[in-house]
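Engineer: So that we are looking at the same thing, I have put the structure below in C-alpha cells.
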Amino acid sequence: MPFLNLVNHEITMPPGSKLFIYTDGITEAENDARELYGEERMEAALRRVNTVEELLADVNEFVGGAEQSDDMTYMWLSRH
C-alpha cells in the first residue's frame with residue numbers, strides 16, 4: 001500500500017519476556033452489562049497468565065454469555 005510509511009525496527013527480547021500484539025476486539029469484548037474487558041484488565045491478566053489460551057479463557061469468563069461483537073486477532077511471542 002503506497003500510502004503507508006512503514007519503518008523496520010529490531011528488538012532483542014530478554015529471557016523471560018513476552019510480547020503481546022492485539023486488535024481492539026480483545027479490549028472491547030463486552031459482557032452482558034455492556035462493560036468492556038479493557039486494557040487494565042488485559043494488562044493484569046497478562047501479568048498472571050502464561051499462555052494465550054489462559055488469556056482467552058479470562059476474556060471468555062468476563063464476557064460470559066454475551067455475543068462476540070468483533071474479531072479477536074492477536075500474536076503472543078515469549079522468550080524462555
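The values are calculated or read from the model by the stated rules, or taken from the named source; none is laboratory data. Everything numeric in this text was worked out from a predicted model, so none of it was measured. Methodologically, a virtual Cβ is constructed for each residue, glycine included, from the backbone with ideal geometry; neighbour enumeration extends over all protein chains shown. Heavy atoms of the whole protein, side chains included, go into the accessibility calculation; ligands, DNA and RNA do not. Shrake-Rupley method; radii C 1.70, N 1.55, O 1.52, S 1.80 Å.
Engineer: Conditions first: (1) open to solvent by less than 90 Å² (accessible area, probe 1.4 Å); (2) in a helix (DSSP H, G or I); (3) modelled with pLDDT of 95 or more; (4) not acidic (Asp, Glu). Leu46 passes all but one, so which condition is the exception?
Structural biologist: (3)
Engineer: Residue by residue through segment 23-43, note down the ones that are in contact (Cβ under 8 Å) with a residue 40 or more places away in the chain and open to solvent by 80 Å² or more (accessible area, probe 1.4 Å).
Structural biologist: Glu28 - this is the single residue of segment 23-43 that is in contact (Cβ under 8 Å) with a residue 40 or more places away in the chain and open to solvent by 80 Å² or more (accessible area, probe 1.4 Å).
Engineer: Does segment 20-52 hold any residues that are within 14 Å of Met75 (Cβ to Cβ) and either over 10 Å from the mean Cα position of the chain (by Cα) or not aliphatic (A, V, I, L, M) (or both), and which are they?
Structural biologist: Phe20, Tyr22, Thr23, Gly25, Thr51 - these are the residues of segment 20-52 that are within 14 Å of Met75 (Cβ to Cβ) and either over 10 Å from the mean Cα position of the chain (by Cα) or not aliphatic (A, V, I, L, M) (or both).
Engineer: Further, regarding this structure: Just to be sure, is Phe20 surrounded by 12 or more Cβ atoms within 10 Å (Cβ to Cβ) and not in a helix (DSSP H, G or I)?
Structural biologist: yes
Engineer: Which of the residues belonging to segment 57-71 are part of a loop (DSSP other than H, G, I, E, B) and under 12 Å from Glu30 (Cβ atoms)?
Structural biologist: Across segment 57-71, the qualifying residues are Gly64, Gly65, Ala66, Glu67, Gln68, Ser69, Asp70.
Engineer: Test Thr73 against the stated conditions and say whether it is out of contact with any Cys (no Cβ under 7 Å at 6 or more places or on another chain), closer than 24 Å to Met13 by Cβ, touching a residue at least 12 places away in the same chain (Cβ under 8 Å) and surrounded by 14 or more Cβ atoms within 10 Å (Cβ to Cβ).
Structural biologist: No, not satisfied.
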